[in-house]
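Trainee: Below you'll find the structure I mean.
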Amino acid sequence: MNGVHDVGGMQCFGAVRPEPDEPVFHAEWEGRVLALTLATGALGAWNIDQSRSARESLPPAVYLSSSYYRIWFEALEGLLGRSGLLDGGFAARARTWPEMKSALDASNSFARETDSPPQFAVGDRVRARMIHPAGHTRLPRFVRGQVGTIVLVHGSQVFPDRDAVPIGEPADQTPEWIYAVEFSGTDLWGPDSDPTVTVCVDAWEPYLEAAS
């Protein structure tokens, strides 16, 4: 979806000012929100792409006025309600710490095997497709329609756009190849951009087409 979460290249938001020596959490509740998100995600009631979609689908005014972990909290509340966990409709049993640790360790890799060979190779020139999906996507707006060069073939993972279906519906988890695609800053931002700037985007194969 084209939402306020995808602000790359948009103007009028001011400069990005990194916080010096920024702590991992600015308040104790933020750590709890992260822990709750990881713990409830391990229950299997939703997948990672549905979780991302829940954050991106928050009302624009809420998203823009909320801190990072406030966004996570608001999205988690919605996920818990839609899955039935909040009203007791989901039959979940308590997980032991060894089970939780195993689930967290397993979540560090999202690689999937596929029998299909990659369509592109390092050095190929590709164009990011001009798409405007109504649902979740990982292709930033600012690279759509632009031509870049593949600099790395990552492997294959579940395609987020097909995985982020409404809770309760079966997700298509057929893996797709992922490529690191490098774009010139001047191609993305115009002649006023720093000519030394490049932007590298990880893009699933369905997002790309061969550049003519």
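Where a number appears in this text, it was derived from the coordinates with a stated rule and is not lab data. Fair warning: this is a prediction, and the values are worked out from it, not measured in the lab. Neighbour counts run over all protein chains shown; Cβ positions are idealised from the backbone, glycine included.
Trainee: In the chain, which longest range has no trypsin sites (Lys or Arg not before Pro) that are both DSSP loop (not H, G, I, E or B) and surrounded by at most 15 other Cβ atoms within 10 Å?
Mentor: Values: sites that count: R93, R95, R112, R129.
The reported range is 1-92.
Trainee: Given Cα pairs under 8 Å that are at least 6 residues apart, what percent is the relative contact order of the chain? Provide the component values of the computation, followed by the final result.
Mentor: Numbers: 288 pairs, mean separation 43.6, N = 212.
It rounds to 21 percent for the chain.
Trainee: What nm distance separates the two modelled labels at L38 and R125, each placed 7 Å from Cα along Cα→Cβ?
Mentor: For the pair L38/R125, the computed spacing is 4.5 nm.
Trainee: Thinking of the chain as a set of Cα atoms, what percent of all their pairs are more than 33 Å apart?
Mentor: Working: 5348 of 22366 pairs.
Within the chain, distances greater than 33 Å cover 24 percent of Cα pairs.
Trainee: Please report the net charge: other residues with Cβ closer than 14 Å to the Cβ of D163, K and R +1, D and E -1.
Mentor: Numbers: positive: R52, R112, R138, R162; negative: D49, E56, D161, E169, D172, E176.
That works out to -2.
Trainee: Determine the sum of side-chain charges near I48: Lys and Arg each +1, Asp and Glu each -1, restricted to other residues whose C-beta is under 12 angstrom from that of I48.
Mentor: Numbers: positive: R52, R55, R138; negative: D49, D163.
Net of charged neighbours comes to +1.
Trainee: What is the distance, in nm, between label points placed 7 Å from the Cα along the Cα-to-Cβ direction at E209 and at W189?
Mentor: Distance between label points: 2.8 nm.
Trainee: Okay, moving on. Please order S67, S193, S184 by the number of other Cβ within 10 Å, starting at the fewest. Working shown, then result.
Mentor: Working: S67 11, S193 14, S184 17.
The most exposed by this proxy come first: S67, S193, S184.
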